[in-house]
Amino acid sequence: MHWSRLLIVILLSVSIGAFGGFIYWSFSDLPQVRSLEIHAPYESSFVYSSDGKVLAEFFIERRNFIPHYKIPDRIKKAIIAIEDHRFYSHPGMDVIGIIRAFYRNIMALSIVEGGSTITQQLARMLFLTPERSLSRKIKEAIIATQIERLYTKDEILGMYLNQTYFGTRAHGIEAASQTYFGKSINELSYAEAALLAGLPRAPSLHSPFRNPERALSRRNIVLKRMLDNGFISRVEYEKALLEPLPVSPNHRRYEAPYFIELLRQQLEAKYGDKIYTTGLRIHSTIDYNMQKAAEEAVLNSISAIEKRVRPGVQAALIAIDPKTGHIKAMVGGTDFWETQFNRATMALRQPGSAFKPFVFAAAIESGMSAGDEILDEPVFFRGSGPNSVWSPENYNNEYHGFVSLKTAHALSLNTATVRLAHHIGIRDIINTANKYGIKSKLQPYLSTALGASSVTLLEITSAYAVFATGNRVEPMTYKKIFNRDGSQIEEKFPSTTGLLMQENVDKMKELLRAVVETGTGQRARQLNRPVYGKTGTTNSYTDAWFIGFDDRLVVGVWVGRDNHTPIGHRMTGASAALPIWVEFMKTIQ
């Protein structure tokens, strides 16, 4: 008897010790719950237009944090009804819920219901792994009670709703609302709130896009729980049952997509993955209304062109504030979602006569004036090969003898321009173009004076800003960046360099105004306000350009085909590019 009692005492001691050790082991690696105060889940970054419109969202986990006090009551009630209807009364663990779940699982001979409260689920999401084990359940319960001691119920519910995954790449309640319904949580109906509340347990299984019947059943269960708990009236319940399910997700498509992709690349090079995870608020330079007008002008004009020529014509447009360098509109092609190649920033194309203003600017800077004359007659220069000759020709082979610089520029006379370039020196002209902002390599041959060296639309358009203001400006894509707390982390200021005296600015404006008044850009006269610019057309009508400005914007337009084949017969800068420019400029007067 003595030995049996001793054995029982020993076994009991060992059991108590083992259980105590297990409990100690469970406590030994518990996380610091106060770390919730500095916990920062992945959050989407947003890009805004200069007038406050959301243009794009960058994310790894699509999440937009919403403070608990801004989450509507109906959403809280929906999630509590289906997940934890005693949430506001239990201390983190729901003993009644655990017993009920245990009984139902015994009766079903399988795991059909969990006993985890919202607080326990939050603990698991933030601190634990999803493994099914006694150890995890103990840790989960301990952490939940610690969370309950440190935070209010509403704070806990807010953390849960911001952290939970709702399926379809939506993390957090606001992202879920935008993804499933295309609107903010403040606009959700009871039925919509109930659908979202039913998703976290099994997002794919209850997805309205994959399993509409299961989704409808789950939503209606949530609504019934809300009714049973007194969260909604019978009338509200019956009305909610009649609401249809969403049929397709609302994945945000970029506004101004070519611009946004350029901005994304710039920001990623500077901030890395932070632009996808830290909830930045990026205030871009784009004007939303101008951007829409630019896109419409491009699409309308290309549609009209393709009624006269074979399909496949592309176009690009860029609008820049010549005083600040802010890019106000950018269109890099007719359809970003078909091809992401940005023809405004990436396509190197010959500008043709749109380059000529740099020749005349070099002449002006050397001391010449618009009234000075140059000979417009056939001219011959040594070619690149042995015994070869290069002789530029005017459009339609028409020549005018001695003409003023103003006339030569207005009529875009090739031979007069080449004679002028020869007189000034091609290297001085290249230096002038580089100084104004042309960064692409320009070949040191006289043919460059006629636009034979390739450039991008962005660089030549920004370089024209010098003709408008006398200052070179660096193109800018954003002005300010704020972090998720609203603190400013960066502000960009215009980078300008004074290049032309006002006297020479006036002379260049006189030359560029003559293009509109009497030359190749007369279509722009319909704007009924002072505008300045230059057309450009390359051999065989392969590229068509118009670059111009008024007192607010400098705008460049290019039209062509990606394979460098002709646009179509007589598709000049005046007939292909200028109409886009005019249509856009009409909308911003």
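Could you list, in sequence order, the residues of segment 332-374 that are closer than 22 Å to Ser303 by Cα, surrounded by fewer than 18 Cβ atoms within 10 Å (Cβ to Cβ) and not acidic (Asp, Glu)? The answer is Trp337, Thr339, Gln340, Phe341.
A Cβ distance below 9 Å, combined with a sequence gap of six or more or placement on separate chains, defines the contacts here; from segment 177-189, residues that are closer than 16 Å to Lys76 by Cβ reach residues that are surrounded by fewer than 22 Cβ atoms within 10 Å (Cβ to Cβ) and of a type in the set (D, E, K, R) in the pairs Ser177/Lys183; Ser177/Glu187; Ile185/Lys70; Asn186/Lys70; Leu188/Arg74; Ser189/Arg74; Ser189/Lys239; Ser189/Glu243. I'd like to verify a number: residues in segment 143-166 that are without any contact (Cβ under 8 Å) to a residue 24 or more places away in the chain and either in contact with a Ser or Thr (Cβ under 7 Å, 6 or more places away or on another chain) or under 16 Å from Met125 (Cα atoms) (or both), how many? Within segment 143-166, residues that are without any contact (Cβ under 8 Å) to a residue 24 or more places away in the chain and either in contact with a Ser or Thr (Cβ under 7 Å, 6 or more places away or on another chain) or under 16 Å from Met125 (Cα atoms) (or both) number 0.
From the residues in segment 244-260 that are among the aromatic types (Phe, Trp, Tyr) and modelled with pLDDT of 95 or more, which one is surrounded by the fewest Cβ atoms within 10 Å (Cβ to Cβ)? If you could, list the steps in order and put the result at the bottom.
So in segment 244-260, the residues among the aromatic types (Phe, Trp, Tyr) come out as 254, 258-259.
Among the residues that remain, those that are also modelled with pLDDT of 95 or more are: 258-259.
Values: Tyr258: 24, Phe259: 31.
Residue satisfying both the conditions and the ranking: Tyr258.
Within segment 472-488, the residues that satisfy the criterion of being surrounded by fewer than 24 Cβ atoms within 10 Å (Cβ to Cβ) and touching a residue at least 60 places away in the same chain (Cβ under 8 Å) are Glu474, Pro475, Met476, Thr477, Tyr478, Lys479, Lys480, Ile481, Phe482, Asn483, Arg484, Gly486. Take the conditions (1) assigned to a loop (DSSP other than H, G, I, E, B); (2) over 26 Å from the mean Cα position of the chain (by Cα); (3) within 19 Å of Met346 (Cα to Cα); Asp551 misses just one of them, which is (3).
Whether a residue is over 32 Å from the mean Cα position of the chain (by Cα), within 22 Å of Ile75 (Cα to Cα) and modelled with pLDDT under 85 was assessed, and Ile142 does not pass this test.
Only one residue in Ile286, Ile305 is over 26 Å from Thr448 (Cα atoms), of a type in the set (A, V, I, L, M), touching a Gly at 6+ places or on another chain (Cβ under 8 Å) and at pLDDT 95 or above, so which one is that?
Values: Ile286 fails: touching a Gly at 6+ places or on another chain (Cβ under 8 Å).
The conditions single out Ile305.
Take the residues in segment 400-416 that are in a helix (DSSP H, G or I) and among the small types (Gly, Ala, Ser); name whichever of them is nearest to Leu512 (Cα to Cα). Among them, the one singled out is Ala410. Inspect all residues belonging to segment 490-502 and state whether any of them is out of contact with any Cys (no Cβ under 9 Å at 6 or more places or on another chain) and closer than 26 Å to Val313 by Cα. Within segment 490-502, not a single residue is out of contact with any Cys (no Cβ under 9 Å at 6 or more places or on another chain) and closer than 26 Å to Val313 by Cα. Scan segment 383-405 and give yes if some residue there is in contact (Cβ under 8 Å) with a residue 24 or more places away in the chain, among the aliphatic types (A, V, I, L, M) and closer than 22 Å to Gly533 by Cβ, otherwise no. Among the residues of segment 383-405, at least one is in contact (Cβ under 8 Å) with a residue 24 or more places away in the chain, among the aliphatic types (A, V, I, L, M) and closer than 22 Å to Gly533 by Cβ, which makes the answer yes. Output the residue which, of all residues in segment 261-317 that are of a type in the set (D, E, K, R) and not in a helix (DSSP H, G or I), is surrounded by the most Cβ atoms within 10 Å (Cβ to Cβ). Per the stated criteria, the residue is Asp287.
Filtering segment 407-448 to residues that are under 22 Å from Met346 (Cβ atoms) and of a type in the set (Gly, Ala, Ser) leaves Ala433, Gly437, Ser440.
The values are calculated or read from the model by the stated rules, or taken from the named source; none is laboratory data. Computed from a predicted model, the values in this text were never measured in an experiment. Cβ coordinates were reconstructed from backbone atoms using ideal geometry, including for glycine residues, and neighbour counts include every protein chain displayed.
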